[in-house]
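Note sheet for the following structure.
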Amino acid sequence: MAVATPVEISSVKEPIVEKIEIPEIPKPILSNLDPNSTKVSALSLASIKAKKDLEAQQQHHQKHKEELPSEAFNETDMLIQWNKFAQKMTDSGKRLLATYMQMNDPTLNGSTITLELPNQSTREEFTTSYHELLGYLRGKLHNHDITIEVIVNEAVESKYAFTPQEKFERLKQINPNIEVLRKTFDLDL
């Protein structure tokens, strides 16, 4: 008695596209803090003063938006820098980010780079570590208006074949000559 085993069949559905803008998170500048200074409790008035002083230092050191470079660049330049950064990540052992970057070629629309990823979990993994990529691209392309947009496209769904007829249909999709073989030797399903 033959036991039916499942065979995986891939079918393409209408893509589910989800556009997500990744907000830019400014990094605090902590270079002017004195490590030898006395520690301040987080619940004291001194901590409020220290926080205001830190914010004033950050505003002083940050350039205004109009002072940052915003040179024009094309998609070819962006792809060259994109691939160089992916190679840099691979060489430094951060292969997961490099893999996500190389799943699909990103597209350029103005200064927005759009990357299509296959599912929500890869999007979340990419967004946790994309800040280094964004800084690299902004520096190399001399444009601080660059943003990265991630689109989730869950287009491929796996379908399993259980019956002999479904398995045969799947094999026929892979190799149509199997029908000729079945007819030549008068085989049953």
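The values are calculated or read from the model by the stated rules, or taken from the named source; none is laboratory data. Quick caveat: nothing in here was measured; it's all calculated off a predicted structure. Glycine gets a Cβ as well: all are built from the backbone with ideal geometry, and neighbour counts include every protein chain shown. SASA here: full protein model, heavy atoms, side chains in, ligands and nucleic acids out. Shrake-Rupley method; radii C 1.70, N 1.55, O 1.52, S 1.80 Å.
Could you tell me whether T99 is open to solvent by less than 60 Å² (accessible area, probe 1.4 Å) and either more than 15 Å from E75 (Cα to Cα) or among the aromatic types (F, W, Y) (or both)? Against the criterion (open to solvent by less than 60 Å² (accessible area, probe 1.4 Å) and either more than 15 Å from E75 (Cα to Cα) or among the aromatic types (F, W, Y) (or both)), T99 does not qualify. Given the criteria surrounded by 13 or more Cβ atoms within 10 Å (Cβ to Cβ) and in a helix (DSSP H, G or I), does L134 qualify? Yes. Does T90 satisfy the criteria of being closer than 30 Å to E67 by Cβ and either part of a loop (DSSP other than H, G, I, E, B) or open to solvent by less than 50 Å² (accessible area, probe 1.4 Å) (or both)? Judged against the criteria, T90 is not a match. Remark: pairs (first residue in region 134-156, free of Cβ contacts under 8 Å to residues at least 60 places away in the same chain and over 17 Å from M89 (Cβ atoms); second residue open to solvent by less than 20 Å² (accessible area, probe 1.4 Å) and not β-branched (V, I, T); Cβ separation under 9 Å; 6+ apart in sequence or on different chains) = I146/M78; I146/L134; I146/L137. Close Cβ contacts (under 7 Å, 6 or more residues apart or on different chains) running from residues in region 74-88 that are in contact (Cβ under 8 Å) with a residue 12 or more places away in the chain to residues that are surrounded by fewer than 18 Cβ atoms within 10 Å (Cβ to Cβ) and assigned to a helix (DSSP H, G or I) comprise Q81/K140; F85/Y136. Within the set E169, E125, the sole residue that is more than 30 Å from E67 (Cα to Cα), touching a helix residue (DSSP H, G or I) at 6+ places or on another chain (Cβ under 9 Å), charged (D, E, K, R) and part of a helix (DSSP H, G or I) turns out to be E125. Residues in region 162-189 that are among the aromatic types (F, W, Y) and at pLDDT 85 or above were compared, and the one that is surrounded by the most Cβ atoms within 10 Å (Cβ to Cβ) is F168.
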